[in-house]
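Every read-out reported here was derived from the displayed coordinates using simple, explicitly stated rules and does not represent laboratory data. Here the structure is a predicted model, which is why all the values come from computation and not from measurement. FYI the Cβ positions are ideal-geometry reconstructions off the backbone, even for glycines, and counts take in every protein chain you see.
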Ligand SMILES: [Zn+2]
């Protein structure tokens, strides 16, 4: 953090600061209490209502992406990314992507959207917290009836299985697009230079669950109040979900966009991890237009915790409006 430059403060502020330090010096030493610093954060869950459903966002912890690099987004230089981060008061030495997993309790079923990255630390030491976040929120992984995947990337499905080969959600059916199962477990890609590690890891989490998998189709309401909407491009089967109860709707957006500034205000940028960048842009524009015009709230997986907010039109692009967080339900 930069040191505050006092020369830029007004004379009145400096006078006030001087008066405050006089008061401080005059206080007797015994007035100060000492306590160890806690060095812990509040449990990472956030709860709200969608009509008659209870929604809880649970965190798997952030992914550390490091310094911005040219090539992450199509045709965007490192200097331009640094400028956009700086203009938005965001760190330029380590871009953080959160992992906001949505849980919907319909009253009949507990539905978890995406699982986090599991025990792998390929994107820094702070991930892999989803199970403990669920428990902190009073949700037992055994009570999860459905795990619904937006897509089959590591940070979305690599916690289906525990390291010992048992299931983290032993009573859950798994819902996903068949196109993503086929692509990300394809034996033929086990020698692909860029994809092989993703494929090998994803096979460990998806193939043992083949018999409990249900494939979702575009437009299908596959659970009461939960509708699939194909939004391909980031992956071949990338799917978003519209949750509706008592006339209220919430959209679970998965990876329709990765950064709340850089890929919302300039939504036509292709992202390096998109399977088909042009198709991802088309899906993003279509979904953002729907959210902005219908004023539907959304949870976005990688946006700043807890990823709940609105997308509005701004100029030639869009703008992310985080929802005010509430301290009561
Ligand atoms: Zn992701």
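Once R0 is set to 35 Å, what does the formula 1/(1 + (r/R0)^6) return for the Cβ-Cβ distance between residue 171 and residue 197, expressed as a FRET efficiency to the nearest 0.05?
Working: r = 30 Å, r/R0 = 0.86.
Computed FRET efficiency for residue 171 and residue 197 comes out at 0.70.
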Two-site label geometry, residue 74 and residue 34: point separation in nm, points 7 Å out along Cα→Cβ: 6.0
Between residue 190 and residue 140, Cβ-based FRET efficiency (R0 30 Å, step 0.05) works out to 0.25
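Antiparallel versus total DSSP beta bridges in the range 131-264: what percent is that, nearest 5? It would help to have the intermediate numbers written out before the result.
Details: 13 of 19 bridges.
For the range 131-264, the DSSP antiparallel bridge percentage is about 70.
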Can you tell which of 283, 59, 293 shows the greatest fluctuation in a Gaussian network model of the chain with Cα springs below 10 Å? 293
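Pull out a ≥ b ≥ c, the square roots of the eigenvalues of the alpha-carbon gyration tensor of the range 38-89, then state rounded if a/c is under 1.5, prolate if not and a/b is larger than b/c, and oblate in the remaining case.
Since a/c reaches 1.5 and a/b is larger than b/c, the shape of the range 38-89 is classed as prolate.
Can you give the % of DSSP beta bridges in the chain that are antiparallel, to the nearest 5? Let's see the in-between values first.
Working: 40 of 52 bridges.
So the antiparallel bridges amount to about 75 percent of the total.
Compare the peptides 150-158, 269-277 by average per-residue count of other Cβ atoms within 10 angstrom and give them in order, highest first.
Result, highest mean first: 150-158, 269-277.
Students often check this: by mean Cβ neighbours within 10 Å, which of 300-311, 67-78, 93-104 ranks highest, and how do the rest follow? Working shown, then result.
Details: 300-311: 22.9, 67-78: 15.5, 93-104: 21.4.
Ranked from most to least packed, the peptides come out as 300-311, 93-104, 67-78.
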GNM of the chain, Cα pairs under 10 angstrom: of 298, 200, 146, the biggest fluctuation goes to 200
Span from the the range 102-162 Cα centroid across to the the range 177-252 one, whole angstrom: 14
What share of all Cα pairs of the chain, in percent, falls into each consecutive 10 Å distance bin? 5, 24, 32, 21, 9, 6, 3, 0
Residues of the range 301-328 with backbone nitrogen within less than 18 Å of a virtual label 7 Å along the Cα-to-Cβ line of residue 293, please, listed as ranges. 311-319
